[in-house]
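Data first, discussion second: the structure below is written as structure tokens.
The values are calculated or read from the model by the stated rules, or taken from the named source; none is laboratory data. Only a predicted model underlies this, so the values are computations on that prediction, with no experimental measurement involved. Note: ideal-geometry Cβ built from the backbone for every residue, glycine included; neighbour counts use all protein chains shown. SASA here: full protein model, heavy atoms, side chains in, ligands and nucleic acids out. Shrake-Rupley method; radii C 1.70, N 1.55, O 1.52, S 1.80 Å.
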Amino acid sequence: NLTSAMIDDDPELADLRFALGKNRFDSYVSSLSATDPVRYLERSTGAPILFQFGRFDPYVTRARAERLVHAAPGSAQAIFYDSGHDVNDPKALFDRNEFLVRRIGIGRIKSPERR
């Protein structure tokens, strides 16, 4: 979820916590909690979900990613790529397309390996 990263002792966020002060930081975290994906996964109907994560993501650790996947009811699939938070690995685009082809029948894009 979004706020667990904020309330952890993450050194990357130490400057933000210091700059905002305790009250403002707590308010900021509280407002972000309204958009935590985990809150909405609990209400999901169990439709298949594809999660795509970067192995080198400084914000979403593998443990956080796995907690998110396990919070999803029904069938959830997670794929980790050799990328950062932006998941800019071209394979992610093709994996996403294949997932959508299987689920909703959109057109298939050609991967570089298939040309």
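Could you give the angle, 0 to 90 degrees to the nearest 10, between helix 90-104's Cα long axis and the longest principal axis of the Cα atoms of the chain?
That helix lies at roughly 70 degrees to the long axis.
Using only Cα atoms, tell me the angle between helix 14-33 and the longest principal axis of the chain; keep it within 0 to 90° and round to the nearest 10.
Tilt of helix 14-33: around 60 degrees.
Just the number, please: carbon plus sulfur as a percent of the accessible area of the chain, 1.4 Å probe, no ligands or DNA/RNA counted.
Carbon and sulfur atoms account for 55 percent of the accessible area of the chain.
By how many nm would the segment from residue 51 to residue 79 lengthen if fully extended, with 0.36 nm per residue of separation less the alpha-carbon distance? Before the final figure, lay out the partial values.
Working: separation 28, 0.36 × 28 = 10.08 nm, distance 0.64 nm.
That works out to 9.4 nm of additional length.
From the helices alone, meaning DSSP H stretches of at least four residues, give me the mean residue ellipticity at 222 nm for the chain, per-run term -39500 (n - 2.57), in deg cm²/dmol to the nearest 500.
Numbers: 5 runs with 56 residues, N = 115.
That comes out to -15000 deg cm²/dmol.
Charges only on Cβ, +1 for Lys and Arg, -1 for Asp and Glu: so what's the dipole of the chain about the Cα centre, in debye to the nearest 20? Intermediate results must be reported in sequence, preceding the final value.
On the way: 17 positive and 16 negative charges, 133 e Å.
In debye, rounded to 20, the chain gives about 640.
Give me the accessible area per residue for the chain, probe 1.4 Å, as a whole number in Å².
Accessible surface, normalised per residue, equals 68 Å².
Quick one: angle between helix 62-71 and the longest Cα principal axis of the chain, in degrees between 0 and 90, rounded to 10, please.
Here the helix axis deviates by roughly 70 degrees.
Once you place label points 7 Å from the Cα toward the Cβ at residue 88 and residue 59, how far apart are they in nm?
1.5 nm
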